[in-house]
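The structure under discussion appears below in the form of structure tokens.
The values are calculated or read from the model by the stated rules, or taken from the named source; none is laboratory data. This structure is a prediction, so every number in the text was calculated from the model and none was measured. We place every Cβ from the backbone using ideal geometry, glycine too, and count neighbours over all the protein chains shown.
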Amino acid sequence: DVKVTQSSRYLVKRTGEKVFLECVQDMDHENMFWYRQDPGLGLRLIYFSYDVKMKEKGDIPEGYSVSREKKERFSLILESASTNQTSMYLCASRPPFGVFGNQPQHFGDGTRLSIL
Amino acid sequence: AQSVTQPDIHITVSEGASLELRCNYSYGATPYLFWYVQSPGQGLQLLLKYFSGDTLVQGIKGFEAEFKRSQSSFNLRKPSVHWSDAAEYFCAVAPNTGGFKTIFGAGTRLFVKA
């Protein structure tokens, strides 16, 4: 069974801090994703990585960056945290598009981040 | 523009009653379709998926969904709801010709009353 592990379930940080959210998957998936989830807005894509050191901006990349130095690990970085980045952050992974098409994503349990 | 609409923000059903959650999508071609469930404090878990073929798809936990091309819909159903089904449900679409982006609906929260 695919396991996507996010390093923290709950995190409290202060405005202006640099924040790192870590995500690790154990299925050798090429594709990894970071979403934020807010009530009434569903999931919004922040960044996507289709392989090591490769990344693409999603719908709301402003204020965020990512790092993918190893295939199993995808980090989300809040360069200078602001209160409007208080949210639930979800990491996901999946195999690349191939013979079986666009496979479902596998999600971690999320990190609830509060910026004070 | 590509979009997914879940018209019901929340639904309340009695335990043992049937359930239907609605999902409509706007897409250039028939996409891949998914339903996910999110229990409180958890990530999203896949319930079922539609890629092609039979338009009635069976999933886990007794759920099924029916793809209707003419209505651009992919509604989720369950004949008899259990209290443990209380959760938030997300419909999602992804392109069938490559591309990485999956579009999620805003979600429908299901409440189950005894």
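In the stretch A:20-57, which residue that is in contact (Cβ under 8 Å) with a residue 24 or more places away in the chain and among the β-branched types (Val, Ile, Thr) is surrounded by the most Cβ atoms within 10 Å (Cβ to Cβ)?
Going through the qualifying residues, I end up with A:46.
What about residue B:83, is it loosely packed, with under 14 Cβ neighbours inside 10 Å and not small (Gly, Ala, Ser)? Explain how you work it out, then say what you get.
Values: loosely packed, with under 14 Cβ neighbours inside 10 Å: yes; not small (Gly, Ala, Ser): yes.
Taking the combined requirement at face value, the residue satisfies it.
Name the residue, out of B:76, B:47, that is more than 14 Å from chain A (Cβ to nearest Cβ) and modelled with pLDDT of 95 or more. Spell out how you get there, then give the answer.
Values: B:47 fails: more than 14 Å from chain A (Cβ to nearest Cβ).
Answer to the selection: B:76.
Looking at the stretch A:3-55, which of its residues are within 13 Å of another protein chain (Cβ to nearest Cβ), assigned to a loop (DSSP other than H, G, I, E, B) and in contact with an Asp or Glu (Cβ under 7 Å, 6 or more places away or on another chain)?
A:3, A:9, A:30
Identify all residues within the stretch B:6-41 that are among the polar types (S, T, N, Q) and surrounded by 15 or more Cβ atoms within 10 Å (Cβ to Cβ); write none if there are none. Spell out the reasoning first.
Of all residues in the stretch B:6-41, those among the polar types (S, T, N, Q) come to B:6, B:12, B:14, B:18, B:24, B:26, B:30, B:38-39.
Scanning the stretch B:6-41 gives B:6, B:24, B:30, B:38.
Within the stretch B:79-104, which residues are at the interface with chain A (Cβ under 9 Å from one of its Cβ atoms) and within 19 Å of residue B:12 (Cβ to Cβ)?
B:90
Out of the stretch B:38-54, which residues are under 15 Å from residue A:108 (Cβ atoms) and among the aliphatic types (A, V, I, L, M)?
If the condition is that a residue be under 15 Å from residue A:108 (Cβ atoms) and among the aliphatic types (A, V, I, L, M), then B:44, B:46 are the ones that fit.
When only residues in the stretch A:58-70 that are of a type outside the set (Gly, Ala, Ser) and surrounded by 16 or more Cβ atoms within 10 Å (Cβ to Cβ) count, which is farthest from the other protein chains (Cβ to nearest Cβ)?
Start the filter on the stretch A:58-70 by keeping residues that are of a type outside the set (Gly, Ala, Ser), which leaves A:59-62, A:64, A:66, A:68-70.
From what is left, the residues that are surrounded by 16 or more Cβ atoms within 10 Å (Cβ to Cβ) are A:61, A:64, A:66, A:68.
Working: A:61: 13, A:64: 17, A:66: 14, A:68: 14 Å.
So, considering only residues that are of a type outside the set (Gly, Ala, Ser) and surrounded by 16 or more Cβ atoms within 10 Å (Cβ to Cβ), the one farthest from the other protein chains (Cβ to nearest Cβ) is A:64.
Looking at the stretch A:1-17, which of the residues that are among the aliphatic types (A, V, I, L, M) and within 15 Å of residue A:85 (Cβ to Cβ) is nearest to the chain's Cα centre (by Cα)? Break it down stepwise before answering.
So the first thing to find is which residues in the stretch A:1-17 are among the aliphatic types (A, V, I, L, M), and the list is A:2, A:4, A:11-12.
Checking which are within 15 Å of residue A:85 (Cβ to Cβ) leaves us with A:11-12.
Details: A:11: 15, A:12: 17 Å.
Only one residue fits best here, namely A:11.
Considering (1) closer than 16 Å to residue B:103 by Cα; (2) at the interface with chain A (Cβ under 10 Å from one of its Cβ atoms), say which one residue B:2 fails and leave the rest.
Against the list (1) closer than 16 Å to residue B:103 by Cα; (2) at the interface with chain A (Cβ under 10 Å from one of its Cβ atoms), residue B:2 comes up short only on (2).
Could we say that residue B:62 is out of contact with any strand residue (DSSP E or B) (no Cβ under 9 Å at 6 or more places or on another chain) and small (Gly, Ala, Ser) here? So that I can check it myself, show each step before the final result.
Numbers: out of contact with any strand residue (DSSP E or B) (no Cβ under 9 Å at 6 or more places or on another chain): no; small (Gly, Ala, Ser): yes.
Criteria not met by residue B:62.
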